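K.L.:
Here it is, the structure in full.
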């Protein structure tokens with residue numbers, strides 16, 4: 001169950017996902033429990049971590065000690081490149097579940113396809129087994145191009161519920177979004193603010209001033225109105241709260257188009273085909 005203030009998107013597996021959640025990439029282990037606890041206090045119900053972040057244990061403690069019912073919190077984690085392959089994926093899941101200390105994980109994701117390793121289809125079979133066993137509610141992928149997802153569908157007949165990709169006004173990901181939409185996949189943005197680099201973009205600064213909002217609120221609202229899911233990161237309680245205040249205003253069509261026009265196919269991370 002979501003926060004009552006955050007819209008939900010339907011996943012093709014019958015579950016739902018909060019449209020806006022907290023990501024904890026590069027949040028240190030010693031800070032993660034506080035950050036997640038404060039996020040839950042201000043209204044977040046979706047927490048996104050990964051084995052590579054080295055903070056699953058802290059995230060799990062925050063969830064367990066939050067006072068919020070477990071079924072009202074949605075926890076996602078991911079496994080890293082070295083854990084691609086059927087048996088490796090099952091072992092990686094066990095390590096993540098133990099670190100989190102949770103009876104089940106809401107969403108389990110392949111972090112990168114690493115196409116040169118040619119193991120992500122095997123991993124997908126393992127994830128389907130985890131889902132069938134009830135250990136995971138939804139399964140998905142991160143950083144997958146359409147051609148990678150086509151291989152999963154061809155092998156299993158099952159599309160990921162979610163494809164989490166770098167996405168922001170400088171990288172609008174239209175090809176990925178169009179493919180995902182055609183296959184019933186929710187596209188979820190990581191780095192929705194281009195790791196903070198976009199906050200000084202003059203066009204966005206002007207729009208923020210016009211609407212009496214922060215640049216981050218303008219960009220997050222743009223994501224929301226496009227119908228995408230978003231995981232945004234902050235370690236400051238006031239910014240966590242600010243990022244949630246994006247459901248009480250609407251950007252007109254001309255502002256949406258202006259933001260869309262900022263696309264330059266700029267990545268703060270690497271192209272998925274180049275990480276192996």
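Values quoted throughout were computed directly from the atomic coordinates according to the rules given, and no laboratory measurement underlies them. Since we're looking at a predicted model, the values are computed, not measured. With ideal geometry, Cβ positions are generated from the backbone for all residues, glycine too; neighbour counts draw on all protein chains shown.
K.L.:
Cα gyration tensor of segment 228-270, axes a ≥ b ≥ c as square roots of the eigenvalues: rounded (a/c below 1.5), prolate (a/b > b/c) or oblate? Display every interim value, and only then the final one.
P.N.:
Details: a/c = 2.84, a/b = 1.19, b/c = 2.38.
Oblate, because a/c is 1.5 or more while a/b does not exceed b/c.
K.L.:
Okay, next question. By how many nm would the segment from residue 199 to residue 64 lengthen if fully extended, with 0.36 nm per residue of separation less the alpha-carbon distance?
P.N.:
Numbers: separation 135, 0.36 × 135 = 48.60 nm, distance 3.41 nm.
Once the chain is fully extended between residue 199 and residue 64, it gains 45.2 nm.
K.L.:
Report the residue, chosen from 123, 191, 66, that carries the largest GNM mean-square fluctuation when the chain is represented by alpha-carbon nodes joined by springs under 10 Å.
P.N.:
In this elastic network of the chain, the residue with the biggest mean-square fluctuation among 123, 191, 66 is 66.
K.L.:
With Rg and the Kirkwood Rh both taken from Cα atoms, where does Rg over Rh land for segment 1-43? Could you put the intermediate results ahead of the total?
P.N.:
Numbers: Rg = 12.7 Å, Rh = 11.9 Å.
In segment 1-43, Rg relative to Rh is 1.07.
K.L.:
Here is a further query. For the chain, modelled as a Gaussian network with Cα springs under 10 Å, which listed residue fluctuates most, 28, 257, 92?
P.N.:
Looking only at 28, 257, 92, the largest GNM fluctuation is found for 257.
K.L.:
Now, a different point. Rounded, prolate or oblate: which fits segment 95-172 when a ≥ b ≥ c are the square roots of the eigenvalues of the alpha-carbon gyration tensor, with rounded for a/c under 1.5 and prolate only if a/b beats b/c? Provide the component values of the computation, followed by the final result.
P.N.:
Details: a/c = 1.90, a/b = 1.32, b/c = 1.45.
Since a/c reaches 1.5 but b/c is at least a/b, the shape of segment 95-172 is classed as oblate.
K.L.:
For Cα extents along the principal axes in Å, which listed value, (i) 54, 41, 38; (ii) 53, 42, 31; (iii) 58, 47, 31, comes from the coordinates shown?
P.N.:
Among (i) 54, 41, 38; (ii) 53, 42, 31; (iii) 58, 47, 31, the one calculated here is (ii).
K.L.:
So if we plug the beta-carbon distance of residue 209 and residue 129 into 1/(1 + (r/R0)^6) with R0 = 41 Å, what FRET efficiency do we get, rounded to 0.05? Kindly include the intermediate steps, with their values, before the conclusion.
P.N.:
Numbers: r = 52 Å, r/R0 = 1.27.
The calculated FRET efficiency here is 0.20.
K.L.:
Could you line up 187, 16 from fewest to most neighbouring Cβ atoms inside 10 Å? Provide the component values of the computation, followed by the final result.
P.N.:
Numbers: 187 23, 16 16.
Sorted ascending by nearby Cβ count, the order is 16, 187.
K.L.:
Is the shape of segment 184-256 best called rounded, prolate or oblate, per the rule: a/c under 1.5 gives rounded, else a/b larger than b/c gives prolate, else oblate, with a ≥ b ≥ c the square roots of the Cα gyration tensor eigenvalues?
P.N.:
rounded
K.L.:
Now for a separate question. Once you have the Cα-Cα distance between residue 156 and residue 54, take 0.36 nm times their residue separation minus that, and quote the gain in nm to one decimal.
P.N.:
Numbers: separation 102, 0.36 × 102 = 36.72 nm, distance 3.09 nm.
Stretched fully, the residue 156-residue 54 segment lengthens by 33.6 nm.
K.L.:
Quick one: Cα centre-to-centre distance for segment 173-205 and segment 98-163, in angstrom?
P.N.:
First find each Cα centre; the distance between them is then 21 Å.
K.L.:
Here's something else I'd like to know. Would you mind listing how long segment 48-206 runs along its three principal axes, going by Cα atoms, in whole Å with the largest first?
P.N.:
So the extents along the principal axes, rounded to whole Å, are 48, 42, 26.
K.L.:
Still on this model: Taking the chain as a Gaussian network, where each spring joins two C-alpha atoms under 10 Å apart, which residue of 42, 63, 141 fluctuates the most?
P.N.:
Greatest mean-square fluctuation among the candidates belongs to 42.
K.L.:
Something else now. Before rounding to the nearest 500, sum -39500 (n - 2.57) across all DSSP H runs of length at least 4 in the chain and divide by the residue total; then give [θ] at 222 nm in deg cm²/dmol.
P.N.:
Working: 10 runs with 109 residues, N = 276.
Rounded to the nearest 500, the figure is -12000 deg cm²/dmol.
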